[in-house]
Amino acid sequence: MAAYFGNAAEDLVPDALAGFARAHAPLVTHDTEHGYLLARDPAPGRRVALLSGGGSGHEPLHAGFVGRGMLDAAVPGRVFASPHNRSVYEASVAAAREDGVLHIVKNYTGDRINFGIAAERLARRDIPCARVLVDDDLASESEEIRAGRRGTGGTVLVEKILGAAADSGLGLGELAELGGLLVSRCRTLAVASRAHTAPTTGGPAFELDAGQLEYGVGIHGERADRARVHGPSSELVAEMTGALLEALAPSPGDSMIALVNGLGSVTPLELYGIFGELGRLLDDRGLHLARSLVGNYVTALDMRGFSITLMVAGPEVLERYDAPVRTAALSW
């Protein structure tokens, strides 16, 4: 724990949740018994509540996106660990609207299991529930990975757009269908020059040789299948962007939403330089960089790295992206 400011490793999450809830009391309430956060002022026109969650250590995801225009509830687990199904169930019951609750779940085995158990319990209580599974991580797209692509930075964009759609009164099936479409049009790739510091040991979660980058790292510190030389950003961003565009296959003239996301220890100075490179590359491809976010949105504790997320977005998606939002981490 020496690397982190806190009382003990096991206190990091509950202490942070209590502090977050107090700092943002106009936006959220905190259920201390079951460990979830609930929006204090959700849109009155919603027929379906939106709930997400997952391991802590990725702040501001998910707690920072609870509020008007995004999530009705968030359920944080311990650091890099799924929340307990009981917490997901209790938060779902508290948040559910007349047409039920939509779970936005990142594709990790623990999350799928615990959200699935909670959904089964909700069904026994006659509370409708559906799931959007976010699996945007390009680096884990392999036939050798049985679980499939991981869920990473694209989760923020999916939550924002679905939040606006829920505010407009869409039903559960419509939101689930839209969520699946959004995920299919979104991919993310991450790199890191240094692993996060493990709270339990105070040391790096993995070692990298000097001058090397982990190309395709996961947000829990999952190792990539290869490393590359840490060269100029122009070359690195070009390689990453090329891979993302090959996977998404947009047509010239398509509009794109981009997220350049810091994984914990990369400075804003660096992130904006990366975004500038990305913008030039999209211009050269004849693609319209319609909307963007730059900053720390899905972190991996103090990992020194960044991710790029691209989403192909038509006019309706852009309109929903632009809809008002008021959360601790995103507001316009």
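Overview of results
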| read-out | value |
| --- | --- |
| For the range 119-132, Karplus couplings with θ = phi - 60° (6.51, -1.76, 1.60), whole Hz, Gly/Pro x | 5, 5, 5, 5, 4, 5, 9, 6, 9, x, 8, 9, 10, 10 |
| Candidates per trypsin sites (Lys or Arg not before Pro) in the range 121-178, loop by DSSP, up to 10 other Cβ within 10 Å | ARG146 |
| Charge dipole magnitude, Cβ of K and R +1, D and E -1 - the range 18-74, Cα centre, debye nearest 20 | 220 debye |
| Total charge dipole magnitude, the range 180-332, about the Cα centre, Cβ charges on Lys, Arg, Asp, Glu only, Debye to nearest 20 | 260 debye |
| Dipole in debye (nearest 20) - the chain, about Cα centre, beta carbon charges: Lys, Arg +1; Asp, Glu -1 | 520 debye |
| Inter-part distance where the range 279-332 and the range 237-268 are each reduced to a Cα centre, Å | 9 Å |
| Carbon and sulfur %, accessible surface of the range 123-171 computed with the full protein complex present, 1.4 Å | 43 percent |
| For GLY262, net neighbour charge (Lys/Arg +1, Asp/Glu -1) across residues whose Cβ lies under 10 Å away | 0 |
| Heavy-atom accessible area order for SER292, SER331, largest first, 1.4 Å probe | SER331, SER292 |
| For VAL105, net neighbour charge (Lys/Arg +1, Asp/Glu -1) across residues whose Cβ lies under 12 Å away | +1 |
| Surrounding net charge for THR197, when Lys and Arg each add one and Asp and Glu each subtract one, Cβ distance under 12 Å | +1 |
| Residue-by-residue Karplus 3J(HN,Hα) for the range 184-199, coefficients 6.51, -1.76, 1.60, Hz, glycine and proline x | 5, 9, 9, 9, 9, 9, 10, 9, 8, 9, 8, 6, 5, 8, 6, x |
| Rg(Cα)/(2.2 N^0.38 Å) for the range 92-149, N = residue count | 1.31 |
| The range 67-73 - phi-based ³J(HN,Hα) in whole Hz, Karplus 6.51/-1.76/1.60, Gly and Pro as x | x, 4, x, 9, 8, 7, 7 |
| Percent carbon-and-sulfur accessible area, the range 233-332, ignoring ligands, DNA and RNA, probe 1.4 Å | 51 percent |
| Interchain or long-range residues, amide H under 5 Å from ALA49's placed H | ARG97, GLY100, VAL101, LEU102 |
| Per residue accessible area in Å² of the chain, where ligands, DNA and RNA are left out and the probe is 1.4 Å | 41 Å² |
| Sequence-distant residues sharing a close amide H with ARG68 (under 5 Å, placed H) | ASP41, ARG326 |
| From the coordinates shown, mean projected area of the Cα convex hull in nm² corresponds to which of [x] 23.1; [y] 17.9; [z] 15.9 | [z] |
| Alpha-carbon Rg/Rh ratio, for the range 144-247, with Rh computed the Kirkwood way | 1.07 |
| Span from the the range 1-74 Cα centroid across to the the range 77-151 one, whole angstrom | 16 Å |
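The values are calculated or read from the model by the stated rules, or taken from the named source; none is laboratory data. From a predicted model like this one, the values you see are computed outputs, not experimental measurements. In this analysis, Cβ positions are derived from the backbone assuming ideal geometry, glycine residues included, and neighbour counts consider all displayed protein chains. To get the accessible areas, we keep the full protein, side chains included, count just its heavy atoms, and leave off ligands, DNA and RNA. Shrake-Rupley method; radii C 1.70, N 1.55, O 1.52, S 1.80 Å.
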